[in-house]
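Here's the structure, in structure tokens; my notes come after.
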Amino acid sequence: MNSKVSTLRLCGIGCAGVVLLGSLTACGGGAVKKAEAKERRSILEEIRESRAAGASHGGGNKAAKSHGAATATLSAERGLVRRNVPTDFNPDLENPTVDSTAWVDPLASVIGNVEIGRRVYLAPFSSVRGDEGQPIHIGNESNLQDGVVIHALETIEHGRPRPEHTYEVYGKRYAVYIGDRVSLAHQSHVHGPAWIEDDTFIGMQALIFKAHIGRGCVIEPAATVMGVTIPDGRYVKAGSTVTDQATADRLPKITSAYAFRTINQAVVHVNTSLADGYLGRGSSGSQSAGGH
């Protein structure tokens, strides 16, 4: 491979990781030759082949084994899925565990102590970093759309746990716990400690930090929720900020008159279908996965 094509490989990652097909423009400007376009196509083929091979590899850590045969510890061959690095605040190394029915896009990133459940969909440029606050749990049939970030404050400092940076969920402490059938829409940000319960929708560009969001809630686009607990079945209006518990307790309830009361059901359906489709399961996959 010549140096120009090698440079293009790097450009494809460095310029937001975009792999362009057809008529291409190099990162430095100007038209790319046909040979270079062909090389880009071969990169996509390599990704597809590696992903198929990666799905057949066994996984290594204790958490993966506890999930049974359906769960694999995936390498960088299927998305940018990799273990964390040792640091002065946390020497432990952990690989993510990803259920075999979940889809991690090749341009998504999952690092460290992260658990991803059944039929989860991670879109391009979503990022789940379990390398500082950990563990991070993503529940069954949840979705992380384009540009979503999940991260958390450190939960271990110089070998000592920091429980104030976690939530206890079902008897275990988590830096971030995302329940089942939760939708995190484009560019939303969940920064732990955080707990989002089942069947909740987090809108585009919303921010959740040091907060507990109840079951069946809707956080509308660009809203900010910090340092509070949102009761079940409430909604936060677009662009608003909730930072004190009194305000959180007065939030309106979701009723039949609320325009977005069913938004999450539709979004979950779309994204579980995408996960099935990318894995070649199709409509039959969604039926069989539901019985797990």
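The values are calculated or read from the model by the stated rules, or taken from the named source; none is laboratory data. Note that the structure is a prediction, hence the values are computed from the model and not measured. Here Cβ is always computed from backbone atoms with ideal geometry, including for glycine, and neighbour counts include all displayed protein chains. Surface areas here come from the heavy atoms of the whole protein model, side chains and all, with no ligands, DNA or RNA. Shrake-Rupley method; radii C 1.70, N 1.55, O 1.52, S 1.80 Å.
General observations
- Pair list, Cβ under 6 Å, 6 or more apart: the range 111-126 residue closer than 18 Å to R83 by Cα and of a type in the set (D, E), other residue modelled with pLDDT of 95 or more and open to solvent by 20 Å² or more (accessible area, probe 1.4 Å): E115/H137
- I230 closer than 16 Å to D198 by Cβ, touching a Cys at 6+ places or on another chain (Cβ under 6 Å) and either modelled with pLDDT of 95 or more or not acidic (D, E) (or both): yes
- Answer residue from the range 138-197, given it is aliphatic (A, V, I, L, M) and part of a loop (DSSP other than H, G, I, E, B) and is nearest to E94 (Cα to Cα) among those: A175
- The set of residues from the range 221-244 being of a type outside the set (S, T, Y) and either within 19 Å of the chain's Cα centre (by Cα) or not in a loop (DSSP other than H, G, I, E, B) (or both) comprises P221, A222, V225, M226, I230, R234, V236, V242.
- Number of residues in the range 254-272 that are in contact with a Lys or Arg (Cβ under 6 Å, 6 or more places away or on another chain) and under 20 Å from A211 (Cβ atoms): the value is 1.
- Exactly one residue out of T247, T255 is more than 20 Å from G192 (Cα to Cα) and either touching a Gly at 6+ places or on another chain (Cβ under 7 Å) or not in a loop (DSSP other than H, G, I, E, B) (or both): that is T247.
- Matching residues, the range 80-104, being of a type in the set (S, T, Y) and out of contact with any helix residue (DSSP H, G or I) (no Cβ under 6 Å at 6 or more places or on another chain): T87, S100
- Subset of the range 132-172 (residues that are aliphatic (A, V, I, L, M) and open to solvent by 30 Å² or more (accessible area, probe 1.4 Å)): V149, L153, I156
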